[in-house]
Amino acid sequence: MRKLLVTGSSGLIGSEVCVYFSGLGWEIHGIDNNQREQFFGIQGNTRWNQKRLQETLPAFHHHECDIRDRERLLSLVKEVRPAAIVHTAAQPSHDRAAAIPFDDFDTNAVGTFNLLEATRQYSTQIPFVHMSTNKVYGDAPNEIPMIELETRWDYADPTYVEGIPESFRIDQSKHSLFGASKVSADISVQEYGRYFNMPTACLRGGCLTGPNHSGVELHGFLSFLIRCNLEEREYTIFGYKGKQVRDNIHSYDVARFIHHFIDSPRIGEVYNLGGGKNNTVSLLEAFDLISSISGKDMKYKYTDQNRIGDHICYYSDLRKMKAHYPGWDITKDLKTTFQEIHDSWRTRTIGS
């Protein structure tokens, strides 16, 4: 039985990867220490998800470990002897990073480096998949000429009609401290691939979402937005008239792409991983969609101050991904994704 090591295994993407590969017959070793609760408070708690994995997956092993613990990681990778590694653990909020800069950098940059070196010391042959972020581009996408439509912004430059490609620049822009720490991790993953000839991939995620997200205001906007609607709580729009656009990808489709890469890995690759143009939605449009599902009006307030370094419009150009892995495509559309998140919050104990 092949073994998969997943960091951040109790989080949205980590848990989806655990479930997906368990279904393929892999033995799963998850690394998590509920650090999300330390970052975001009790509402960020992921122990419920850890318990779900332990109770439902037949060959799941939980390892209580902080990726900042270098010696523990070095020994754990050699002990587990995985056939592949999927690295999803991170401090994920660009707003929160400014308040905890050491924790952010040590988790995102140093933690990733620890895992890369642990992998290299064990084997340079196994696939290493890193969940990066579109924040590595900083706010440079905001320099693209925009057109304002009734409910959203969009790119006016036809160069970006399919979205942001992997060739888009990552420097000379404002990233937030989170974006900077993730750039460091991203470049390290590429360098280990190219310098040591290791099969590595950086997946620069847009809005990754799904029903198992512990969404909070500072991270996981769609999950948090839907939760606010169900609880009839007021949601805050930060600038851009509520017309800011994101492409949303369901965690299941993320796991499917990771499967494709692990089955046919490449050296030091980078992919923009999002829902693509067809799965884009603005905040205003998201309000209408969840209201049509829940039957509840969205309560919200507006502030002119946008989040520092936030994108006005961002969606991923998926053409490179599809060219390299033609068997992969988006399978979950926006409405399905919204419905699943809605149903999950309805059945989960809200406030736990």
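The values are calculated or read from the model by the stated rules, or taken from the named source; none is laboratory data. As the structure is a computational prediction, the values presented were derived from the model and not from experiment. Please note: Cβ atoms are built from the backbone with ideal geometry, for glycine as well, and neighbour counts cover all protein chains shown.
Table: residues versus (1) free of Cβ contacts under 8 Å to residues at least 60 places away in the same chain; (2) of a type in the set (Asp, Glu); (3) assigned to a strand (DSSP E or B).
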| position | (1), (2), (3) |
| --- | --- |
| Tyr195 | yes, no, no |
| Arg204 | no, no, yes |
| Leu208 | no, no, yes |
| Arg227 | no, no, no |
| Thr236 | no, no, yes |
| Asn248 | no, no, yes |
| Pro265 | no, no, no |
| Val270 | no, no, yes |
| Glu285 | no, yes, no |
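Given Ile100, Ile187, Ile144, Ile164, which one is without any contact (Cβ under 8 Å) to a residue 12 or more places away in the chain and either of a type in the set (A, V, I, L, M, F, W, C) or farther than 21 Å from Phe40 by Cα (or both)?
Answer to the selection: Ile187.
Considering only the stretch 292-324, state which residues are small (Gly, Ala, Ser) and either more than 16 Å from Leu225 (Cα to Cα) or crowded, with 16+ Cβ neighbours inside 10 Å (or both).
Ser294, Gly309, Ser316, Ala323, listed by residue number.
When you scan the stretch 120-176, how many residues do you find that are over 20 Å from Val86 (Cβ atoms), modelled with pLDDT of 95 or more and outside any loop (DSSP other than H, G, I, E, B)?
15
Would you confirm whether any residue within the stretch 206-214 is touching a strand residue (DSSP E or B) at 6+ places or on another chain (Cβ under 7 Å) and surrounded by fewer than 24 Cβ atoms within 10 Å (Cβ to Cβ)?
Yes, the stretch 206-214 contains at least one residue that is touching a strand residue (DSSP E or B) at 6+ places or on another chain (Cβ under 7 Å) and surrounded by fewer than 24 Cβ atoms within 10 Å (Cβ to Cβ).
Any idea how many residues of the stretch 62-96 are among the small types (Gly, Ala, Ser), touching a residue at least 40 places away in the same chain (Cβ under 8 Å) and out of contact with any Ser or Thr (no Cβ under 6 Å at 6 or more places or on another chain)?
4
Which of the residues belonging to the stretch 167-184 are without any contact (Cβ under 8 Å) to a residue 40 or more places away in the chain and either among the charged types (D, E, K, R) or farther than 24 Å from Asp103 by Cα (or both)?
Ser167, Phe168, Arg169, Asp171, Gln172
Scan the stretch 70-119 for residues that are touching a helix residue (DSSP H, G or I) at 6+ places or on another chain (Cβ under 7 Å), small (Gly, Ala, Ser), buried (at least 23 other Cβ atoms within 10 Å of the Cβ) and assigned to a helix (DSSP H, G or I) and report the count.
1
Evaluate the stretch 298-321: report whether one residue or more is of a type in the set (Lys, Arg), under 22 Å from Pro141 (Cβ atoms), in a helix (DSSP H, G or I) and without any contact (Cβ under 8 Å) to a residue 60 or more places away in the chain.
Checking the stretch 298-321: not a single residue is of a type in the set (Lys, Arg), under 22 Å from Pro141 (Cβ atoms), in a helix (DSSP H, G or I) and without any contact (Cβ under 8 Å) to a residue 60 or more places away in the chain.
I'd like to verify a number: residues in the stretch 141-155 that are touching a strand residue (DSSP E or B) at 6+ places or on another chain (Cβ under 9 Å) and within 26 Å of Arg96 (Cβ to Cβ), how many?
Total satisfying the criteria: 3.
Can you name the residue in the stretch 133-188 that is loosely packed, with under 13 Cβ neighbours inside 10 Å and in contact with a Phe, Trp or Tyr (Cβ under 8 Å, 6 or more places away or on another chain) and is also farthest from Phe113 (Cα to Cα) among such residues?
Ile147
Can you tell me which residues in the stretch 26-52 are surrounded by fewer than 23 Cβ atoms within 10 Å (Cβ to Cβ) and acidic (Asp, Glu)?
Glu27, Glu37
Go over the candidates Ile312, Ile293, Ile308, Ile330 one by one and state the one that is in contact with a helix residue (DSSP H, G or I) (Cβ under 7 Å, 6 or more places away or on another chain), hydrophobic (A, V, I, L, M, F, W, C) and at pLDDT below 95.
Ile308 is the lone residue from the list that is in contact with a helix residue (DSSP H, G or I) (Cβ under 7 Å, 6 or more places away or on another chain), hydrophobic (A, V, I, L, M, F, W, C) and at pLDDT below 95.
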